[in-house]
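Okay, so here's the structure we're looking at.
FYI, it's all coordinate maths here, none of it is from the lab. These numbers come from a predicted model, not from an experiment. Every residue, glycine as well, gets a Cβ built from its backbone with ideal geometry; the counts of neighbours run over all protein chains shown.
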Amino acid sequence: IFRPVSLFYVVISMTRGIQYGVLVGATPLVAINFAGWAQEHVSAISGTGQLIGGIIGMTVGGMLGDRLGAKRATILIYSCWLALNVTMIAAQPLWANSQFMTAFIITWLALDVLVSVATIPIAMRLCNRTVAATQFTLYMALHNFGITVGAWLLGLADTLGGIAPLFGLLAMANIVAIAIMVWVRFPTRQIDEATADQLPQGDGLVPAVD
């Protein structure tokens with residue numbers, strides 16, 4: 001897990017967690033204080049968004065992974081996250097609009113599922129087969145730590161000047177995640193290095209991975 005490529009993935013995983021930690025708390029605050037929703041309505045729309053997100057994850061998420069690959073799919077989804085956060089900053093007068101708030105909630109919940117579908121295969125490929133379960137658990141634990149950091153950032157909303165600056169911080173985190181995904185070469189398949197080193201080179205063409 002301390003390999004450079006693995007540490008870069010930790011940043012990606014924590015970014016996903018921070019985003020979730022901020023938005024899961026900011027959503028009811030914005031919906032209740034700006035759009036005038038009741039807590040029951042927020043819960044109902046959030047539940048609907050989670051259902052829609054699950055369906056999209058099983059359909060669109062799988063299709064994106066197959067056609068674009070995990071890396072390109074992750075770049076695309078984080079670009080959508082960036083666009084959403086910038087929109088929330090620019091469209092603050094629309095926070096009071098019920099239709100706009102509904103679209104925002106459903107969109108971010110769907111994107112959260114999609115980014116999970118896209119990034120988890122990368123984590124699985126990074127795991128060494130000899131300690132795969134432990135390594136993958138650490139990745140998920142760091143993602144959960146990101147959620148905790150996101151909740152802490154939400155607590156700083158008053159200090160930062162409101163909820164809108166938090167969307168700016170998330171947008172910057174999205175840019176960092178996109179830059180990492182563009183420049184870092186993540187593995188395209190899982191390789192058991194310990195076993196591969198013990199295998200003799202056979203006759204014939206030189207393999208793509210020795």
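Note that region 49-63 has calculated 3J(HN,Hα) couplings of x, 5, 5, 4, x, x, 5, 5, x, 6, 9, 5, x, x, 5 Hz, one per residue in order, obtained from phi through the Karplus relation 6.51 cos²θ - 1.76 cosθ + 1.60 (θ = phi - 60°); glycine and proline are x. In this label model, residue 66 and residue 136 are separated by 2.2 nm, measuring between points 7 Å along each Cα→Cβ vector. A run of the chain free of exposed loop cleavage sites, with trypsin sites (Lys or Arg not before Pro) counted only in DSSP states other than H, G, I, E and B and at most 15 other beta carbons within 10 Å, reaches its longest extent at 1-184.
Between 25, 180, 7, the Cα set farthest toward the positive side of the dipole of the chain (charges on each charged residue's Cβ, about the Cα centre) is that of 180.
Using the per-residue mean of other Cβ atoms lying within 10 Å as a proxy for protection, in what order, highest first, do the peptides 75-84, 107-116, 54-63, 141-150 fall?
107-116, 75-84, 141-150, 54-63
Across region 142-149, computed HN-Hα scalar couplings (Karplus, 6.51 cos²θ - 1.76 cosθ + 1.60, θ = phi - 60°) run 5, 4, 5, 5, x, 4, 4, 4 Hz from first to last residue, x flagging Gly and Pro. From its DSSP helices (H runs of at least four residues, each -39,500 (n - 2.57)), the chain gives a residue-normalised ellipticity at 222 nm of -26000 deg cm²/dmol.
Debye-formula intensities of the chain, expressed as log10 I(q)/I(0) at q = 0.13 Å⁻¹, are -0.76 (one equal scatterer per alpha-carbon, no solvent). Ratio of Rg to Rh for region 102-179: 1.05 [Cα atoms; Kirkwood radius as inverse mean 1/r over pairs].
Under a model in which nothing but the beta-carbon of Lys, Arg (+1) and Asp, Glu (-1) is charged, the chain shows a dipole of about 200 debye around its Cα centre.
For region 51-120, what does the equivalent ellipsoid look like in terms of its semi-axes, each the square root of 5 times an eigenvalue of the Cα gyration tensor, given largest first in whole Å?
25, 14, 7
Specify whether the C-alpha gyration tensor of region 133-177 places it in the rounded, prolate or oblate class, a ≥ b ≥ c being the square roots of the eigenvalues: rounded for a/c under 1.5, otherwise prolate if a/b is larger than b/c and oblate if not. Since a/c reaches 1.5 but b/c is at least a/b, the shape of region 133-177 is classed as oblate.
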